[in-house]
Amino acid sequence: MRGKGFTLVEVMVALAIVAVVLPAVLMALYQQVDDTAYLRDKALAHMVAQNKLAEIRLVIGATQNLSAGKDNGFATMADRDWYWWVETKTTEVANFFRVEITVSLEEEQQEQPLYALTAFMSGDFAGDPDGLSGE
């Protein structure tokens, strides 16, 4: 008469299956956690870029001046420093500018930013036909 338990071979096969499957499950969980952190950083970088664009719009509204050029700096959000770069270029359309804002966690990552925002802005201000002088 045979007992109701598992044989040694059945237990060894079950342990082998667990040994193969467990690392795969752990790697999938690690990848998901890593992706979540990346998406959080990308969302925060997006907010930094949006804040910088709003700041540019406010400055332009106050000074009535928009010109081509480059600027950079850093902002603190969520207890972290974010580095940003702004490049304003003229376009083929008169009094129309392309503003590119890139954001990164590291100052050395300007060539591979975490987030890039492009906006187009008019330099045609009321009362100023050229749209470029601050007077």
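The values are calculated or read from the model by the stated rules, or taken from the named source; none is laboratory data. Keep in mind it's a predicted model, so treat the numbers as computed, not measured. Positions of Cβ are backbone-derived with ideal geometry, glycine not excepted, and every protein chain shown enters the neighbour counts.
Couple of notes before you dig in:
- Among the candidates A14, A54, A49, the residue that is over 38 Å from the mean Cα position of the chain (by Cα), assigned to a helix (DSSP H, G or I) and surrounded by 10 or more Cβ atoms within 10 Å (Cβ to Cβ) is uniquely A14.
- On inspection, V25 fails the criterion of being surrounded by 11 or more Cβ atoms within 10 Å (Cβ to Cβ) and not polar (S, T, N, Q).
- E87 passes every criterion in (1) touching a strand residue (DSSP E or B) at 6+ places or on another chain (Cβ under 7 Å); (2) among the acidic types (D, E); (3) in contact (Cβ under 8 Å) with a residue 40 or more places away in the chain apart from (3).
- Set side by side, the residues I101, I60 differ, and just one is in a strand (DSSP E or B), in contact with a Leu (Cβ under 8 Å, 6 or more places away or on another chain) and either modelled with pLDDT under 90 or surrounded by 10 or more Cβ atoms within 10 Å (Cβ to Cβ) (or both), which is I101.
- For segment 66-80, the criterion of being part of a helix (DSSP H, G or I), in contact (Cβ under 8 Å) with a residue 40 or more places away in the chain and either of a type in the set (K, R) or within 16 Å of T118 (Cα to Cα) (or both) is met by no residue.
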